[in-house]
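This report concerns only the one structure given below.
The values are calculated or read from the model by the stated rules, or taken from the named source; none is laboratory data. Only a predicted model underlies this, so the values are computations on that prediction, with no experimental measurement involved. Quick reminder, even Gly has a Cβ in these numbers, built from the backbone with ideal geometry, and neighbours come from all protein chains shown.
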Amino acid sequence: MAVGIPVGFSGQLAQDWRPGLETSSYITLLTLSTEALAFLTIGLVRPWGERTPRWIPGLGDRPIPVWAAAGPAALGALAVTAVMLLMFWDALPASGGGSEAPQGAAAWIMNACYLPLLLWGPLLTVVTVAYVRRRRRTS
């Protein structure tokens, strides 16, 4: 969408989301920020989520407090779960734009891309609980 590939919108929605500096920048920034936040989940299962890396000046190789990782992870899990449930509450994401939203195969593809997000919050909750249990056991 950010580079001009049609994703099935029509009418005013297609005009509102046509590629341009503002739209493409917004989509790219949103994508990069969500991917960066999602990547932080790996810290709950890797050593760098328990101790700061040695190369960080002033903080290198210090233990990370359990709450400093688990608190934001728990809030993130709650937020993602709430947002996804609200998104899917009445209808599938592709039907959110009415008659100008993607139809047919484009709607199926769009919904298939969004469907795994329903699992993100609950799975993040499971990983967060496992992190807290593991860290409390080793502390």
Filter the stretch 63-98 for residues that are in a loop (DSSP other than H, G, I, E, B) and modelled with pLDDT of 90 or more; the one that is surrounded by the most Cβ atoms within 10 Å (Cβ to Cβ) is Ile64
For the stretch 100-139 the number of residues that are surrounded by 13 or more Cβ atoms within 10 Å (Cβ to Cβ) and charged (D, E, K, R) is 3
Any idea which residue in the stretch 81-100 is farthest from Ala112 (Cα to Cα), counting only those that are of a type in the set (Ser, Thr, Tyr) and touching a residue at least 24 places away in the same chain (Cβ under 8 Å)?
-> Ser99
Taking interchain pairs and intrachain pairs at least six residues apart, which have beta carbon atoms under 8 angstrom, with the first residue in the stretch 14-37 and under 26 Å from Gly76 (Cβ atoms) and the second in a helix (DSSP H, G or I) and modelled with pLDDT of 90 or more?
-> Leu37/Gly76
Restricting the search to the stretch 1-33, which residues are among the polar types (S, T, N, Q) and either surrounded by 13 or more Cβ atoms within 10 Å (Cβ to Cβ) or farther than 23 Å from Val127 by Cα (or both)?
-> Ser10, Gln12, Gln15, Thr23, Ser24, Ser25, Thr28
Only listed residue being touching a helix residue (DSSP H, G or I) at 6+ places or on another chain (Cβ under 9 Å) and of a type in the set (A, V, I, L, M), chosen from Ala105, Ala77 = Ala77
Look at Pro53 and say whether it is in a loop (DSSP other than H, G, I, E, B) and farther than 30 Å from Ala14 by Cα.
-> yes
Checking Asp61 against (1) in contact with a strand residue (DSSP E or B) (Cβ under 9 Å, 6 or more places away or on another chain); (2) farther than 30 Å from Val132 by Cβ; (3) acidic (Asp, Glu), which test does it fail?
-> (2)
